[in-house]
Every structure is written in C-alpha cells, then in structure tokens.
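None of the figures in this text is laboratory data; all of them are computed from the coordinates on show. Just so you know, these numbers come straight off a predicted model, no measurement behind them.
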Amino acid sequence: MERKIAQKEKEKKEDHLRQLAQKAREERAGIKSGVDEPEEREREQIRHEQGTRRQRERNLSESGAGEEVATGKTARAPTLANK
C-alpha cells in the first residue's frame, strides 16, 4: 500500500516537473502561456529599452575608438623610443 502511495507521489512530482520544463521551453521560445500580465509587459519593455541603450553605447564607444585610431590620437604609455 505504501509503495502505491509513494509511486503516485513520485508520478505527481514528475508531472509537475514536466509541466515546469514545458513552461520554461515555451518562455524561451517566446510562446506566451495565455496569461499576459501588465508587469510582464513592462519588464519586457524595460529589457528592450536597456538593450537598445547598451547597443547605442557600444556603437558610440566603437566609433570613438575608430576615430582615435584614424587621427592617431590613441592613448599610449610612453616607451623608451618616445622619450
């Protein structure tokens, strides 16, 4: 009797874990699970804005470095040859 109860509990846990794994796969794939909370939309918008800001900063820093190299204004530590 105890074995049957233990087996049922084990199956119940496995089913729960299977559902969690499926939900995680769907979220990673971008499939929504029907529940669309305003908080979730807000978080997604913030993530998008932050990603855009980071990309803009990267572009600016890369273009700034390119301009320095092109104009010969790179910051170098003095060497024996330069002294």
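Structure notes:
- Rounded to whole numbers, the Karplus 3J(HN,Hα) couplings from phi for segment 6-12 are 4, 5, 4, 5, 4, 4, 5 Hz, using 6.51 cos²θ - 1.76 cosθ + 1.60 with θ = phi - 60°, and x at Gly and Pro.
- The phi-based Karplus calculation (6.51 cos²θ - 1.76 cosθ + 1.60; θ = phi - 60°) puts the 3J(HN,Hα) values of segment 53-63 at 5, 4, 5, 4, 4, 4, 4, 5, 5, 5, 5 Hz, whole numbers, x for Gly and Pro.
- Residue-wise HN-Hα coupling along segment 13-18, computed from phi with Karplus coefficients 6.51, -1.76, 1.60 (Hz; x: Gly, Pro): 5, 4, 5, 4, 5, 4
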